[in-house]
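Peer 1: Structure below; questions to follow.
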Amino acid sequence: MAREQLQVLNALDVAKTQWYHFTAIIIAGMGFFTDAYDLFCISLVTKLLGRIYYHVENAEKPGILPPNVSAAVNGVAFCGTLAGQLFFGWLGDKMGRKKVYGMTLMLMVICSIASGLSFGQNPKSVMTTLCFFRFWLGFGIGGDYPLSATIMSEYANKKTRGAFIAAVFAMQGFGILAGGIFAIISSAAFEAKFDAPAYEVDPVKSTVPQADYLWRIIVMVGAIPAAMTYYWRMKMPETARYTALVAKNAKQAATDMSRVLQVDIEAEPQKMEESVSAFKLFSKEFMRRHGLHLLGTTSTWFLLDIAFYSQNLFQKDIFSAIGWIPPAKTMNAIEEVFRIARAQTLIALCSTVPGYWFTVLFIDRIGRFAIQLMGFFFMTVFMFALAIPYDHWTHKDNRIGFVVIYSLTFFFANFGPNATTFVVPAEIFPARFRSTCHGISAASGKLGAIIGAFGFLYLAQNKDKSKVDAGYPAGIGVKNSLIVLGVINFLGILFTFLVPESNGKSLEEMSGENENENETGAVELEPSGLNKRTVPLA
């Protein structure tokens, strides 16, 4: 027999947009602000770390991080994030969203500060300590993905749910922007206070001793916004869907949501039936109902993050290639940080941030599927537009055109799959698996990010061995790397067809929690709560 939706869940679905919705967006979003700041700020200071800790006497170019160290510094946080997504995603379904939510934030605060305090007697010990704390920083960041998405989806009404979840994720854009702006301000202040010649004039004096404080300050500041929201996270009640559908306490769910919605919701007898919750994660029944959905969410996030994170991590090298950032030897260490930060901030301001908020604006109007398909399509087109005539773009007169098209790829990543791959897994799985399945999908994405972070440090190297960075083997070059990314984006188009559209539907309708099998093997559906229809199973 089909089951009616609990009154408290229906009240959430039809609730008008209220102040508590925006409060939840801010509380969850500040975690993502910190996530983005912490993950991407390292790309602003990797060149500086090379100059400080790996200076080579009488070398023509400033010191750079050795390949293995660079890969570790850039990629270790992603390894921690992957582990955190799986662990905290599972824990969020076992213990409840609220109980776990504070743990992730405190881990991020502690490890952000500890990363900036990395110590050691030699470069190896400093980098080892930095990598250790960045792994655990990533572990905390990883937990924020499934928990924030699940909490926001379970608090939201069905009319604007996509926009609310996307708004939480869009705070990443402000985090990236804030990282760049803070690096610009702090490096400009250091440059004004500690004047230094260019590397080609005086290799030793070009890196002032105080530069060692600059990267530490940039890394540590990410702890501030996370610490500011800890209290409010602890004040949030458990989501009604977890309390009612997983903890099986409809009365408590009604009490909590009456306070949040500021309306009277009558506590009703528990309507959950054990037979409905019988199947387990990865059981035959789970795979029949949700197997293709999980394949769709994991594959698209995996492919998207290969492209997205590899671009972020080697964009400073692309800017160097087209002349936005001068040759390293013509700058001192602090000036190089300033120029890298300025270039990345301009990209964030012109394409990354607008792309996120276009998704917020349109996701509940045109749907998740259309936005994701469109995003992957234009990313493919623009990536090939950069790659095929790449030599044309490197000429001085054509640099602005390159930057415009490069910015458009970021715009359509964010007004596209970078946002939708985060939103959809929080909507289409049952409440008792929602956080876990979102964590699995997100971890698949971070596996792609690891491939992008590690692989493209090598792939993007020049094919001419005499022109590669010190310590790296010859790669396939930036042009061929962009072609590879174009192919990856095209595969994203194909796998998008495995992802269902959840626009305008309740979470229970998408996950099948309002359906039950009757004795004849048919599924009875009750989308409206009154009109029942029976659909034979294939």
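The values are calculated or read from the model by the stated rules, or taken from the named source; none is laboratory data. Note that the structure is predicted; figures quoted are calculated from it, not measured. We place every Cβ from the backbone using ideal geometry, glycine too, and count neighbours over all the protein chains shown. With ligands, DNA and RNA removed, areas are computed over all heavy atoms of the protein, side chains included. Shrake-Rupley method; radii C 1.70, N 1.55, O 1.52, S 1.80 Å.
Peer 1: Between Gly439, Ser310, Gly173, whose Cα lies farthest towards the positive end of the dipole of the chain when Lys and Arg beta carbons carry +1 and Asp and Glu beta carbons carry -1, centred on the Cα centre?
Peer 2: Ser310
Peer 1: On to the next question. Take the Cβ-Cβ distance between Arg259 and Met106 as r, set R0 to 22 Å, and report the resulting FRET efficiency rounded to the nearest 0.05.
Peer 2: 0.30
Peer 1: What nm distance separates the two modelled labels at Asp391 and Val487, each placed 7 Å from Cα along Cα→Cβ?
Peer 2: Going from the Asp391 label point to the Val487 one covers 2.2 nm.
Peer 1: For the range 139-215, with only Lys/Arg (+1) and Asp/Glu (-1) charged at the beta-carbon, what is the dipole magnitude about the Cα centre, in debye rounded to 20?
Peer 2: The dipole magnitude comes to about 600 debye.
Peer 1: Using a simple charge model, +1 on the beta-carbon of Lys and Arg, -1 on the beta-carbon of Asp and Glu, nothing else, what dipole does the range 191-273 show about its Cα centre, in debye to the nearest 20?
Peer 2: Dipole of the range 191-273, to the nearest 20 debye: 360 debye.
Peer 1: Determine the calculated [θ] at 222 nm for the chain from helices alone, applying -39500 (n - 2.57) to every DSSP H run no shorter than 4 residues and normalising by the residue count; nearest 500 deg cm²/dmol.
Peer 2: -22000 deg cm²/dmol
Peer 1: Further question on the same structure: Choose one of Ala449, Ile184, Ser125: the residue whose Cα lies farthest towards the positive end of the charge dipole of the chain (beta-carbon charges +1 Lys, Arg; -1 Asp, Glu; about the Cα centre).
Peer 2: The listed residue farthest towards the positive side: Ser125.
Peer 1: Nearest 0.05, what FRET efficiency do Glu200 and Lys251 give at R0 = 56 Å with Cβ-Cβ as r?
Peer 2: Approximately 0.15, to the nearest 0.05.
Peer 1: Hey, what's the per residue convex hull volume over the C-alpha atoms of the range 364-421, in cubic angstrom?
Peer 2: Measuring per residue, one finds 64 Å³ for the Cα hull of the range 364-421.
Peer 1: Given 10 Å bins starting at zero, what is the percent of C-alpha pairs of the range 194-253 in each, up to the one with the largest pair distance?
Peer 2: All Cα pairs, binned at 10 Å, distribute as 18, 20, 17, 14, 11, 10, 9, 1 percent.
Peer 1: Now, a different point. Just to verify a number: FRET efficiency for Met95 and Arg289, C-beta to C-beta distance, R0 = 30 Å, to 0.05?
Peer 2: Taking R0 as 30 Å, the efficiency between Met95 and Arg289 is 0.75.
Peer 1: Something else now. How large is the dipole of the chain about the Cα centre if only Lys and Arg carry +1 and Asp and Glu carry -1, each at its Cβ, rounded to the nearest 20 debye?
Peer 2: Dipole about the Cα centre, nearest 20: 400 debye.
Peer 1: Of the chain, which part is the longest with no GluC sites (Glu not before Pro) in a loop (DSSP not H, G, I, E, B) and with at most 10 other C-beta atoms within 10 angstrom?
Peer 2: It runs 267-518.
Peer 1: Also, quick follow-up: Is any helix in the chain, taking whole DSSP H runs, at least 27 angstrom long along its axis by alpha carbon and on average at least 1.6 on the Kyte-Doolittle scale, and which ones?
Peer 2: Helices meeting the span and hydropathy rule in the chain are 368-387, 477-495.
Peer 1: If N is the number of residues in the range 448-489, what value comes out of its Cα radius of gyration divided by 2.2 N^0.38 Å?
Peer 2: Output field value: 1.15.
Peer 1: Here's a follow-up. Which order, highest average first, do 428-435, 295-302 follow once you tally other Cβ atoms within 10 Å for each residue and take the mean per peptide?
Peer 2: Most protected by this proxy first, the peptides run 428-435, 295-302.
Peer 1: Could you give the C-alpha radius of gyration of the chain expressed as a fraction of 2.2 N^0.38 Å, taking N as the number of residues it contains?
Peer 2: The chain yields a ratio of 1.02.
Peer 1: Per-residue counts of other Cβ atoms within 10 Å, averaged by peptide: what ranking do you get for 371-379, 223-231, 417-425, 492-500, highest first?
Peer 2: Output ranking for 371-379, 223-231, 417-425, 492-500: 417-425, 371-379, 492-500, 223-231.
Peer 1: Report the per residue volume, in Å³, of the convex hull enclosing the C-alpha atoms of the range 118-169.
Peer 2: Roughly 64 Å³ of hull volume per residue.
Peer 1: Might you work out the accessible area of Arg288 for me, using a 1.4 Å probe with all protein chains in place, and round it to the nearest 10 Å²?
Peer 2: Probe radius 1.4 Å; accessible area of Arg288 about 130 Å².
Peer 1: Okay, next question. Past 18 Å, Cα to Cα: identify those pairs from Lys94/Lys248; Lys396/Lys463; Lys61/Lys124; Lys94/Lys280, in the order given.
Peer 2: Distance filter (> 18 Å) returns Lys396/Lys463; Lys61/Lys124.
Peer 1: Still on this model: Using alpha carbon centroids, what distance separates the range 134-173 and the range 378-456, in Å?
Peer 2: 18
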